[in-house]
Amino acid sequence: MAAESTGQNTLRAENVERMVTGLALARYTAKNAVMTSSSSSWTESYYQETSTPLTAGATAGIKGIPRLAKFPYAEPTWTKQSAYIEKYGLEGVVSYEDARTDAFDIISRTLIRISEGVVKAIDDEILNVLSETWDATPANINDVAIAAGYEWDSATIANRDPIQDILNALAEIKKQNYTPNGNALLYLSPTDAANLLGNSNIRNAGQFYTADVTKNGQIGGLLGVTIVETNSVKADFALMLIPKICGTWKAVTPLTVLTIYDEGIKYTIRAFEMGVTQLTNPKAVCIISNTQA
């Protein structure tokens with residue numbers, strides 16, 4: 001076996017890291033839900049704006065202002081929110097001996113699994129924030145509760161009606177003066193995705209369509225809503241939202257994957273990212289609870 005020079009090792013590690021970073025980015029499922037903007041601050045503050053239409057108050061109306069009369073007064077309201085930047089990271093170690101003699105490319109596999117761990121943690125956090133910690137009776141976002149006995153896997157097949165539940169969630173968002181315009185996302189657990197796609201009403205009506213290429217967890221569409229399947233969704237819940245409007249990921253450091261070589265001893269595989277999730281427009285989100293019996 002021909003020996004490799006230090007230069008060749010360095011080049012090979014760089015190529016692997018670039019490949020793994022690209023692969024990890026493609027595996028994000030929740031990053032598509034939020035707008036990403038850069039940050040250089042430790043504390044990030046933002047303002048949640050009310051979605052209620054402004055009115056003229058009790059003494060006058062927007063319509064029918066008399067000649068020479070003053071205009072009625074109204075003003076929007078905002079609520080200040082603050083959050084601290086968080087660091088996400090994971091690392092593993094591959095011995096020099098294993099890297100040189102194992103039957104497969106253990107460094108590449110470790111790079112992939114380490115980066116996947118960071119990606120999964122960030123996905124979990126983004127959906128945790130947008131769902132208000134998977135609360136069936138949330139304080140700010142919209143909610144639709146499926147009645148007992150009408151879950152998507154109910155023992156009474158005739159009671160399973162996920163289409164109506166999805167329409168109800170869309171309606172709740174529209175009531176808050178947001179217009180999905182066919183770009184809403186619905187996040188489902190693998191169990192609920194199977195129950196949805198296996199529902200006879202959807203199969204028989206040909207309601208579901210799939211994209212040519214499945215990526216970032218997107219498995220198709222229904223009622224103008226893109227379905228995203230991910231293990232970051234808590235069991236018994238589904239989450240609908242308008243992407244890029246509902247929230248923001250404030251990024252300090254993008255996903256970074258490194259191989260640190262300690263000559264003749266080990267390779268340290270490290271992945272990290274820094275940022276924080278902001279729920280900027282909670283009424284652009286609707287949580288569906290009790291999806292499973």
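What the table shows:
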item: Pairwise FRET efficiency - Trp78 versus Ser40, Cβ, R0 = 22 Å, nearest 0.05; result: 0.40
item: Gain in span if fully extended, Lys70 to Ala56, counting 0.36 nm per residue against the direct Cα distance; result: 3.9 nm
item: Neighbour-count ranking [beta-carbon atoms within 10 angstrom, fewest first] of Glu125, Glu151; result: Glu125, Glu151
item: Where labels lie 7 Å past Cα in the beta-carbon direction, separation of Thr179 and Tyr47 in nm; result: 2.5 nm
item: Segment 254-293 shape via C-alpha gyration tensor axes, a/c threshold 1.5; result: oblate
item: Extended-chain gain in nm, criterion 0.36 nm per residue less alpha-carbon gap, Ala103 and Ala145; result: 9.9 nm
item: For Ala169, net neighbour charge (Lys/Arg +1, Asp/Glu -1) across residues whose Cβ lies under 14 Å away; result: -2
item: Packing-based ranking, highest mean first, of 183-191, 264-272 given that Cβ atoms within 10 Å are counted; result: 183-191, 264-272
item: Protection-proxy order for peptides 99-107, 86-94, each taking the mean of Cβ atoms within 10 Å per residue, highest first; result: 86-94, 99-107
item: Neighbour-count order for Met35, Met240, Met274, fewest beta carbons within 10 angstrom listed first; result: Met35, Met274, Met240
item: Order of Asp262, Asp161 under a 10 Å beta carbon neighbour criterion, fewest first; result: Asp262, Asp161
item: Charge context of Trp42, other residues only, Cβ under 14 angstrom, K/R +1, D/E -1; result: 0
item: Unsatisfied cross-links (Cα-Cα over 25 Å) in the set Lys120/Lys175; Lys31/Lys266; Lys120/Lys250; Lys70/Lys175; Lys87/Lys234; result: Lys120/Lys175; Lys31/Lys266; Lys70/Lys175
item: Segment 46-192 - charge dipole about Cα centre, Lys and Arg +1 at Cβ, Asp and Glu -1, debye rounded to 20; result: 1180 debye
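Computed from the coordinates by the stated procedures, all read-outs in this text should not be read as laboratory data. Small disclaimer: the values here were computed from a predicted structure and weren't measured. Counting neighbours? That spans all protein chains shown, and the Cβs are built from the backbone with ideal geometry, glycine included.
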